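What follows is calculated from the coordinates using simple rules that are stated; it is not laboratory data. Because the structure is a prediction, the values reported are computed rather than measured. With ideal geometry, Cβ positions are generated from the backbone for all residues, glycine too; neighbour counts draw on all protein chains shown.
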Amino acid sequence: MKDRPIKVIITGDAKEEFEELNKVVGNEIAKGITNSEHQTLFNSIKQKIELLKENPQYGIHIQRNIMPQKYIKLYDTNNLWKINLAGAWRMIYTIRGTEVEIINLILDIFDHRRYEKVFGYRKS
């Protein structure tokens, strides 16, 4: 893996969440707010993306038998990984690769409550 370049692409629901968070952080900074939960989460996401660029398997591998069908159907994936973010948020990604490059597709960024719901840990 180390011989191939590694790309990280934010897609799907994760892209929408990241773009919204980016707007909120931009507005906070414009208002002079230099420290908030939004900024901490945003910086946590950016830090984890940099770690993924160094090691595509940085996260915690999710066993296939607990992978939500949503990811299998939408993204035609057979592997999922989870990264814990600041404030009990989670980032879900999959790894794709060719002989030329490795691509980490970030599929979801959500709070712990939504994470539990998507993965069926809580029946709410």
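Residues of segment 101-118 that are of a type outside the set (Lys, Arg) and free of Cβ contacts under 8 Å to residues at least 40 places away in the same chain: Asp111, His112, Tyr115, Glu116.
Scanning segment 45-65 for residues that are in a helix (DSSP H, G or I) and either closer than 19 Å to Thr77 by Cβ or in contact (Cβ under 8 Å) with a residue 40 or more places away in the chain (or both) returns Ile45, Lys48, Ile49, Leu52, Lys53, Glu54, Arg64, Asn65.
In summary, His38 fulfils each of the numbered conditions (1) in contact with an Asp or Glu (Cβ under 9 Å, 6 or more places away or on another chain); (2) outside any helix (DSSP H, G or I) with the single exception of condition (2).
Regarding segment 27-34, can at least one residue be identified that is part of a helix (DSSP H, G or I), farther than 14 Å from Trp89 by Cα, without any contact (Cβ under 8 Å) to a residue 40 or more places away in the chain and of a type outside the set (A, V, I, L, M, F, W, C)? Yes, because at least one residue in segment 27-34 is part of a helix (DSSP H, G or I), farther than 14 Å from Trp89 by Cα, without any contact (Cβ under 8 Å) to a residue 40 or more places away in the chain and of a type outside the set (A, V, I, L, M, F, W, C). The set of residues from segment 66-115 being in contact with a Ser or Thr (Cβ under 7 Å, 6 or more places away or on another chain) and part of a loop (DSSP other than H, G, I, E, B) comprises Thr77, Asn79, Leu85. Any idea how many residues of segment 58-79 are surrounded by 11 or more Cβ atoms within 10 Å (Cβ to Cβ) and either β-branched (Val, Ile, Thr) or more than 18 Å from Asp108 (Cβ to Cβ) (or both)? Total meeting the criteria: 4. Of the residues making up segment 87-97, one or more are surrounded by 11 or more Cβ atoms within 10 Å (Cβ to Cβ) and in contact with a Pro (Cβ under 7 Å, 6 or more places away or on another chain). Taking segment 1-21 as the range and being surrounded by 14 or more Cβ atoms within 10 Å (Cβ to Cβ) and more than 19 Å from Ile103 (Cα to Cα) as the test, the residues that pass are Glu17, Leu21.
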